[in-house]
Amino acid sequence: MIPMDPSGPILSAIDIRKSFGDVEVLKGISLDAKKHDVISILGASGSGKSTFLRCLNFLETPTSGKVIIHGDEINVQNGQPKMSVPIEDIRKRLGMVFQQFNLWTHRTVLENVMEGLIHVRKKSRGEARSIAENYIERVGLSQRVDAYPGHLSGGQQQRVAIARALAMEPDAILFDEPTSALDPELVGEVLKVMQSLAEEGRTMIVVTHEMAFAREVSSEVVFLHQGKVLEKGTPDEMFATPKSEEFKRFIASM
Amino acid sequence: MNPIEIMVSYWPRMLDGTLMTLKLTILGALIAGAISPWLALVRSHGSLIAQTPIRIYVSFVRGTPILAQLFLVFYGSGQFRPELMELGLWNFFRDPFNCAILVFVLNSTAYQTEIMRGGIQGVNLGEIEAAKAIGMTRMTILRRVIFPHAYRIAWPALSNEIILLMKASALASVVTVFDIMGRTRQIFSKTFDFSIYLWAALIYLAITSLFVFGWHRIERRLNRHILPRNNANAVS
């Protein structure tokens with residue numbers, strides 16, 4: 001571990017490139033997240049925003065680039081990652097919330113949230129249970145601890161998925177279009193939870209189509225276009241004075 | 001003798017045969033069940049080089065009659081007696097029970113491998129990604145996510161395979177193993193009363209029915225997360 005500057009970034013991505021075959025979908029993207037940052041990544045579909053997010057915890061291996069999390073560095077060249085610690089050690093410091101929730105359907109709400117605590121954090125069942133119950137309450141689902149995911153609405157499932165990520169006490173949480181698979185009337189309950197997380201100072205990187213969230217909740221907005229960062233800045237300046245034609249058109253289309 | 005008298009005088013032998021059939025089936029299915037998930041894993045995720053021997057093995061077993069496989073091992077091993085003695089394996093092959101078990105294991109492993117491959121490939125990738133993202137190791141993902149789902153998917157097909165194995169175990173009687181079929185033939189050659197065959201059929205039917213009943217109960221328990229809510233409570 002490299003000694004850390006407390007005000008420095010807890011997560012850095014440097015010049016991330018990713019090709020699928022001949023198609024380069026990420027053309028050198030860099031991003032720094034400091035503690036308490038809420039970064040919204042916007043972009044049309046196909047702009048590479050989900051792929052970029054998935055490169056941060058190596059669900060997708062970049063073709064080249066560097067990811068630094070809490071001083072641990074993973075350097076990728078020609079699709080070959082070099083890392084000082086096992087990939088699992090990096091992943092457990094980053095929570096992830098998926099578009100399709102991806103709860104383990106054969107386990108109850110409580111078991112879903114306890115799973116990582118027991119089998120990754122190696123906590124005792126009793127301790128895992130009390131931590132899990134705490135976070136399930138945090139997302140307002142204490143009534144449903146024994147329900148299976150299949151018996152919950154999409155919004156409830158996504159809140160469980162958020163509790164599952166939170167319970168691991170990650171340094172940052174990655175959200176991959178967390179509301180895109182939800183019926184419109186269920187979007188609000190998930191956004192409300194996310195907003196409250198932002199308010200308590202959690203570090204979040206959010207790929208989203210929710211303009212209101214990007215504008216009102218995030219501390220920084222990044223606009224991707226064809227695999228490149230076209231614009232970034234605070235939401236106020238980004239939305240007040242969009243610089244590129246593409247971002248102007250993107251805002252207008254939403 | 002009427003059918004009842006036959007059973008009254010020969011039930012100890014039939015019981016003995018039943019136990020042998022159960023032993024052949026359970027031992028065969030369990031050993032195959034311990035090997036097949038790993039072969040299935042190679043078959044679904046391994047490199048082409050690793051997959052090839054498994055493919056050849058599976059297609060050989062599926063493409064030849066189990067009776068032929070049994071003769072191949074039982075009579076074939078006799079041909080190689082000196083070599084097997086040298087290797088210290090003759091004691092194993094001398095016993096027809098061992099030959100039968102070996103064939104049933106080889107047979108059932110091939111079928112169970114294919115069944116489990118289907119199960120493993122049916123696991124929702126999103127759930128595997130969630131497990132990776134939370135920091136689970138490969139082994140933990142297998143144990144906590146992939147196998148639990150794969151077995152749920154494969155469960156009904158596995159029951160079918162075990163029933164087929166149980167019925168195929170009757171072939172062991174041909175190489176002098178005294179299972180239900182072996183005892184039945186022995187009794188018939190003494191009494192020339194065919195009703196003992198009806199009894200044998202009844203015993204096979206009873207074993208199958210009990211097995212299906214138990215297997216189905218486990219299936220309902222495994223699937224309580226996808227049953228309608230009211231039933232889900234009733235089962236647990």
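Numbers for the structure displayed
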| read-out | value |
| --- | --- |
| Pairs of alpha carbons in the range B:3-235 whose separation is greater than 29 Å (percent) | 42 percent |
| Gaussian network model of chain A, Cα within-10 Å springs - most flexible of A:I87, A:I41, A:I74 | A:I87 |
| Partner chain coverage, peptide A:97-104 - average Cβ within 10 angstrom | 5 |
| Within 10 Å of each Cβ in A:116-125, the average number of Cβ atoms from other chains | 3 |
| Footprinting exposure proxy for A:H36, B:H225, A:H225 (fewest neighbouring C-beta atoms within 10 Å first) | A:H36, B:H225, A:H225 |
| Counted charge near A:Q226, where neighbours are those whose Cβ lies closer than 14 Å (Asp, Glu -1; Lys, Arg +1) | +2 |
| Compactness of the range A:137-226 as Cα Rg over 2.2 N^0.38 Å, two decimals | 1.10 |
| Within a Gaussian network of chain B (alpha carbon springs, distance under 10 Å), most fluctuating of B:P148, B:P156, B:P82 | B:P82 |
| Among A:S180, A:S40, A:S50: highest mean-square fluctuation, GNM of chain A, C-alpha pairs under 10 Å | A:S180 |
| Estimated FRET transfer efficiency (A:Q77, A:V23; beta-carbon r; R0 22 Å; 0.05) | 0.70 |
| Placed amide H near A:V97: partners under 5 Å, 5+ positions off or other chain | A:L174, A:F175, A:D176 |
| Using a Förster distance of 30 Å, the FRET efficiency for B:L89-B:Q121 (Cβ separation, nearest 0.05) | 0.25 |
| Neighbour cut-off at most 12 other Cβ (10 Å), DSSP loop, chymotrypsin sites (Phe, Trp or Tyr not before Pro), the range B:149-236 | B:F192, B:F194 |
| Built amide H within the under 5 Å cut-off of A:I41, gap 5+ | A:V206, A:V207, A:T208, A:V222 |
| Computed [θ] at 222 nm, helices only, for chain B once each DSSP H run of length n ≥ 4 contributes -39500 (n - 2.57) | -27000 deg cm²/dmol |
| Debye-sum result for the protein assembly as shown in log10 I(q)/I(0), which assumes one identical scatterer on each alpha carbon, at q = 0.12, 0.13 Å⁻¹ | -1.07, -1.18 |
| Given charges at beta-carbon only (K, R positive; D, E negative), |dipole| of the protein assembly as shown in Debye | 1300 debye |
| Debye-sum result for chain A in log10 I(q)/I(0), which assumes one identical scatterer on each alpha carbon, at q = 0.10, 0.11, 0.13, 0.14 Å⁻¹ | -0.49, -0.60, -0.84, -0.97 |
| A:E231 long-range amide H proximity, modeled H, under 5 Å | A:F223 |
| The range A:30-74 shape via C-alpha gyration tensor axes, a/c threshold 1.5 | oblate |
| Charge dipole (chain B, unit charges on Cβ, about Cα centre) - positive-most of B:W199, B:S59, B:V177 | B:S59 |
| For the range B:31-45 versus the range A:233-252, the gap between their alpha-carbon centres in whole angstrom | 54 Å |
| Spatial separation of Cα centroids for the range B:107-144 and the range A:83-155, in angstrom | 19 Å |
| Order of A:V206, A:V85, A:V76 under a 10 Å beta carbon neighbour criterion, fewest first | A:V85, A:V76, A:V206 |
| Antiparallel %, DSSP beta bridges [both residues in the protein assembly as shown], to 5 | 65 percent |
| Selected from A:V221, A:T234, A:A252, residue furthest toward positive end of dipole (the range A:208-254; charges at beta carbon) | A:A252 |
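We did not get these values from a lab; they are worked out from the coordinates using the rules stated. Quick caveat: nothing in here was measured; it's all calculated off a predicted structure. Please note: Cβ atoms are built from the backbone with ideal geometry, for glycine as well, and neighbour counts cover all protein chains shown.
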